[in-house]
1. Need one number: nm distance between label points at Ser86 and Asp55, each 7 Å from Cα along Cα→Cβ, rounded to one decimal.
2. Give me the percent relative contact order of the stretch 159-217, please, defined on Cα pairs under 8 angstrom at least 6 residues apart.
3. Amide H of Leu92 versus every other amide H placed in the peptide plane: which residues, excluding those fewer than 5 positions away on the same chain, fall under 5 Å?
4. Take Glu217, project a point 7 Å from its Cα along the Cβ direction, then tell me which residues of the stretch 178-206 have their backbone nitrogen under 12 Å from it.
5. How much FRET efficiency would the formula 1/(1 + (r/R0)^6) give for Glu184 and Lys79, where r is the Cβ-Cβ distance and R0 is 22 Å, rounded to 0.05?
6. Describe numerically, in nm with one decimal, the distance between label points set 7 Å from Cα along Cα→Cβ at Ile208 and at Asp193.
7. Lys14: which lysines have alpha carbons under 26 Å from its alpha carbon, excluding same-chain residues fewer than 8 sequence positions away?
Amino acid sequence: MSILISWYFVPVHKIAICEDHDIVVEGVKLMLADQPEFSVCGHARSEHELLPILDREQPAILLLDLNLKSQDGFSILEKIKPRFPSLRILILTMYENSFLIEKAQKFKANGYLLKNVGNGIFLNALQHVLVSNDFFLPSHLKNQKDQNDSYRDEFIEKMHLTAREVEIIRLVVKGKSAKEMADELFLSLHTVDTHRRNILKKLNLKNIADLVRFAFENHLC
């Protein structure tokens, strides 16, 4: 009597995590505990710790926080994407903000998730980025982004902001100086300063700090 034994090979996709809160890392590991196709291969708290892990382990997916103590997650994304072109990068953040979602897309991330996401959406995101080049965004964030975009367009019209003034606001939010804005928009410093004064006057704001806060609160960025 012979016994036929079948072996099923399940490919394991390595996941690296760049996150400086251990509780988040443990939560990810818990969600993956019964998922044999995924394995956490390393945890870094900074770019300095992350690069050796990426070189050594060659993971398929990186979970990247945006707000690290040592640096901005976008600066890490900008550096590692050209160096590891096949690496799929999922932003894992607490910030539910359409500006950051758009910035993640611009910087060639593969998806955007909130840290309080459920197991189903989390696993769906991992599976999605492995097989698709489409940016992964959960439906509730996509709907909110669409609502924010609609609200933003109506608000801009209501406040009589010109397209150029909206450009100036977005550059202010990015921390650009007047000279940097002038160079980027091919304007004189005087014109940029005039636009900024007009914007503050239209929105009844006192200074640039008020403008940045106002822009985030009203989805202008």
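1. Placing both labels 7 Å beyond Cα along the Cβ direction yields 1.9 nm.
2. 40 percent
3. Counting only residues 5 or more places away or on other chains, the set is Leu64, Asp65, Leu66, Leu113.
4. So the set is 204-206.
5. Efficiency for this residue pair is about 0.50.
6. 1.3 nm
7. Lys29, Lys69, Lys79, Lys81, Lys103, Lys106, Lys108, Lys115
Any read-out appearing in this document is the output of simple, stated calculations on the displayed coordinates, not a laboratory observation. Source: prediction; values computed, not measured. Cβ atoms come from the backbone with ideal geometry, glycine included; neighbour counts cover every protein chain shown.
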